[in-house]
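Chemist: A single structure is presented below for examination.
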Amino acid sequence: MADELRAPVRERFNARCAYRGVHEDAVGATLTIDHHRPRTRGGTSDAENLVYACARCNEHKGAYWHEQDFPHVRLLHPGRDDLTQHLRESDDGRIAGLTREGEFFVQRLRLNRPQLVAYRRMRRSDAELNAELAATRRHIEALERTVLDLRTALESAADEIERRLKGRS
């Protein structure tokens with residue numbers, strides 16, 4: 001694939017596998033350019049048909065095209081379809097299809113491979129830890145403001161006491 005086609009496709013999908021969402025840095029490799037509608041099934045190299053994908057998803061998708069291949073279920077296009085309408089990630093890291101197309105998408109691309117489920121769990125855990133860290137930082141900042149306010153009030157009270165003591169003498 002020519003670099004002039006690769007770069008915009010990579011950018012459009014934020015350097016992530018469009019099918020499973022894993023960033024190329026997490027994979028440790030540049031991903032492939034997939035023809036969503038395979039060229040062998042009449043697909044073109046137009047930007048709209050190109051998807052940034054990891055080799056494994058590209059392999060699982062293969063040359064499937066719903067108009068010609070059984071079970072004749074349309075494979076969702078991550079650049080055109082709103083995947084949130086078709087897929088849901090459960091608490092255990094597995095992906096469930098909400099529609100027939102979503103179920104087929106999960107099955108065809110094998111999106112519940114043990115490694116992907118583990119990756120999603122790790123990603124979720126990292127997000128929870130980052131949220132907890134951010135909340136802790138906000139709490140510390142609030143405590144620091146309170147300490148500063150108390151220090152200011154204490155200094156003011158000490159100054160007032162000193163003034164009163166001087167006024168007595």
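Chemist: Just to confirm my understanding: which cysteines in the chain have no other cysteine beta carbon less than 4.7 Å from their beta carbon?
Modeler: That list is Cys57.
Chemist: Could you grab the relative contact order for the chain? Cα pairs under 8 Å, six or more apart, rounded to a whole percent.
Modeler: Working: 161 pairs, mean separation 22.3, N = 169.
Over the chain, the number comes to 13 percent.
Chemist: Quick one: 3J(HN,Hα) in Hz for the range 106-120, Karplus 6.51/-1.76/1.60 with θ = phi - 60°, rounded, Gly and Pro as x.
Modeler: 4, 5, 5, 8, 6, 6, 10, 4, x, 5, 6, 4, 4, 4, 5
Chemist: Helix-only estimate, please: 222 nm mean residue ellipticity of the chain, summing -39500 (n - 2.57) across DSSP H runs of length 4 or more and dividing by its residues, to the nearest 500.
Modeler: Numbers: 5 runs with 86 residues, N = 169.
Calculated mean residue ellipticity at 222 nm is -17000 deg cm²/dmol.
FYI, it's all coordinate maths here, none of it is from the lab. As the structure is a computational prediction, the values presented were derived from the model and not from experiment. Cβ sites come from the backbone with ideal geometry, for glycine too, and all protein chains shown count toward neighbours.
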